[in-house]
Amino acid sequence: MSGQFEQYAFPPLETATPEGLLAIGGDLSSGRLLAAYRQGIFPWYSTGQPILWWSPDPRTVLYPEQLRVKRSLRSSLRKQGFRITTDRAFGAVIQSCAAPRSGESEGGTWITAHMMDAYTQLNRDGYAHSLEVWQDECLVGGLYGVAIGRVFFGESMFSRARDASKVGLVGLVRILTDKKFEVIDCQLPSDHLFSLGAQSIPRTDFIAHLRLALDAVDTPGLWDIEFEGLQLS
């Protein structure tokens with residue numbers, strides 16, 4: 001690393017635990033977060049814990065060209081009248097992602113108030129972005145993450161209507177394809193992501209791909225995108 005990120009040092013990735021825990025402590029300043037993402041590291045911790053930094057092996061990724069859309073989702077895309085925007089309601093999206101899910105108790109989220117503040121600042125800096133899914137002017141789904149170079153580091157998504165989070169991911173892939181992004185970092189595995197075409201790859205492969213994709217010049221700034229309907233081939 002060079003320049004503005006030299007001050008944010010992390011241990012070598014191969015020193016992470018088998019679960020992927022790499023470091024404890026530090027802060028969530030924009031500089032440290034961007035330095036972490038550039039090295040394949042992300043924060044993940046719960047209320048009452050110190051900041052925990054992770055780099056799991058294997059790593060779950062989604063290559064935009066490998067997105068898989070099942071017939072039922074194609075039907076939702078055609079019939080449900082979803083509208084997609086970006087960076088119109090970042091605060092509402094991250095708060096919705098932080099809200100307890102079914103089966104969780106109040107306070108069980110890993111998206112703490114401190115995390116919300118940090119990523120809201122990254123949004124102001126032009127690196128963190130939200131995608132909103134609307135239906136009849138109601139926010140029914142969305143996601144947020146961090147864009148650096150040609151990589152989108154996905155953080156969280158939410159859904160209040162059938163297929164809304166999946167529609168959000170399909171919309172994100174359309175946007176990232178137009179912007180010539182190479183990979184979506186999904187961080188951790190889930191059946192939901194695998195059903196949409198995500199895969200787990202060795203961390204060494206992820207880091208090698210990351211270094212190439214980050215060679216692209218950063219163009220931070222808010223994304224002002226809106227569209228209705230998603231045409232799939």
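The figures follow:
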quantity	calculated
Where a residue in the range 211-223 is aliphatic (A, V, I, L, M) and its partner, wherever it lies, is assigned to a loop (DSSP other than H, G, I, E, B), with Cβ under 6 Å and at least six apart	Ala213/Gly149; Ala213/Arg150; Ala213/Glu182; Leu214/Gly149; Ala216/Gly149; Ala216/Arg150; Leu222/Asp87
Residue within the range 164-180 that is over 20 Å from Leu212 (Cα atoms) and touching a Ser or Thr at 6+ places or on another chain (Cβ under 6 Å) present	yes
Flag for Ala164 being touching a Gly at 6+ places or on another chain (Cβ under 9 Å) and not hydroxyl-bearing (Ser, Thr, Tyr)	yes
Enumerated strands (runs of 3 or more DSSP E) restricted to the range 163-233, each holding at least 3 residues that are over 15 Å from the mean Cα position of the chain (by Cα) and exposed (fewer than 15 other Cβ atoms within 10 Å of the Cβ)	226-228
Helices (runs of 4 or more DSSP H) enclosed by the range 30-142 - at least 3 residues per element that are surrounded by fewer than 20 Cβ atoms within 10 Å (Cβ to Cβ), out of contact with any Leu (no Cβ under 7 Å at 6 or more places or on another chain) and modelled with pLDDT under 95	71-79
Thr60 touching a Cys at 6+ places or on another chain (Cβ under 6 Å), of a type outside the set (A, V, I, L, M) and in contact (Cβ under 8 Å) with a residue 24 or more places away in the chain	yes
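The values are calculated or read from the model by the stated rules, or taken from the named source; none is laboratory data. Note that the structure is predicted; figures quoted are calculated from it, not measured. Note that each Cβ is placed from the backbone with ideal geometry, even for glycine, and that neighbours are counted across all protein chains shown.
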